[in-house]
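Below is one structure; the comments refer to it alone.
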Amino acid sequence: MKHLLKNLTSILCAGLLVISAGAAVISCAPSSTATAQIAEQTKDPNVLAKAAYLDALRLYNDLADRYIKYAGYMETNFPTEHGYVITIFGEMDDVLMMWEGFAQVGVIPEKAPEKMDEYADAILTLLLALDAAIESGEIEF
Amino acid sequence: MTAIADAAIVAALILDIISMYNSRGIEVDLDSLSEAIENEKARRDEINKRLFKKNDNE
């Protein structure tokens, strides 16, 4: 148990370092969201709402796609945390299902972007920590 | 106006993820927007099968 906690603490610390480095990159990142691209072509809020839904879908898919690679490791070594992550993805999926209905009529549901952001932050922190721990050799994958 | 502001929030948060995680980019315009949405929905369906199936096996 002590070993597990030490491992997890190391993972989270490494993740914070990576996040700090990542934050420095954000300011010079190219504009590559669907919303940003569509906003260059129209200011129609109905169309922008659909683009925002597309970005939310991509956010979910990209994070889930990356997590699946670690799912087996997490399930074996950190089952509680794995269950927590799966729960978060379930919540995100629920938000997206609700969002889809709104997107069809050109509306962004209230608080949905903020919820997605909150969930994504939690998962991204874990993913970056796992990446860093594997790269540094702290965990074998 | 609120929808535009909300869309800007979404764009900002997705851009954060793309920047920090080197996600694949997307090229979309008004003509391809609906198709892109359908493609991502299909991708989500496939991902969910793998993601939640693993958890169901616990």
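Please treat every number below as a calculation from the coordinates, not as lab data. All values reported here derive from a predicted model rather than from experimental measurement. Note: ideal-geometry Cβ built from the backbone for every residue, glycine included; neighbour counts use all protein chains shown.
Brief remarks on what is shown
- Inter-chain shielding of A:34-44 (mean C-beta neighbours from other protein chains, 10 Å cut-off): 6
- Net charge over other residues, Cβ less than 13 angstrom from the Cβ of A:Ile134 (K, R count +1; D, E count -1): -2
- Ordered by the count of other Cβ atoms within 10 Å of each Cβ, fewest first, B:Glu40, A:Glu110 give A:Glu110, B:Glu40.
- By other beta-carbon atoms within 10 Å, ranking A:Tyr60, A:Tyr53 with the fewest at the front produces A:Tyr60, A:Tyr53.
- Among residues other than B:Ile14 with Cβ under 11 Å from its Cβ, the summed charge is -3 (Lys and Arg +1, Asp and Glu -1).
- Global form of segment A:25-141, assessed from the alpha-carbon gyration tensor, a/c cut-off 1.5: oblate
- Label positions at A:Glu140 and A:Glu91, each projected 7 Å from the Cα along the C-beta direction, are separated by 3.5 nm.
- Formal net charge of residues neighbouring B:Glu35 (Cβ-Cβ distance under 13 Å; K, R +1; D, E -1): -2
- Extension gain from B:Lys49 to B:Asp31, taking 0.36 nm per residue of separation minus the Cα-Cα distance: 3.5 nm
- Stretchable slack from A:Thr80 to A:Val105, in nm (0.36 nm times residue separation minus alpha-carbon distance): 5.1 nm
- Efficiency of FRET between A:Tyr73 and B:Glu38 - r from beta-carbon atoms, R0 45 angstrom, step 0.05: 0.85
- Which of A:Thr35, B:Thr2 has the fewest Cβ neighbours within 10 Å, and the rest in rising order: B:Thr2, A:Thr35
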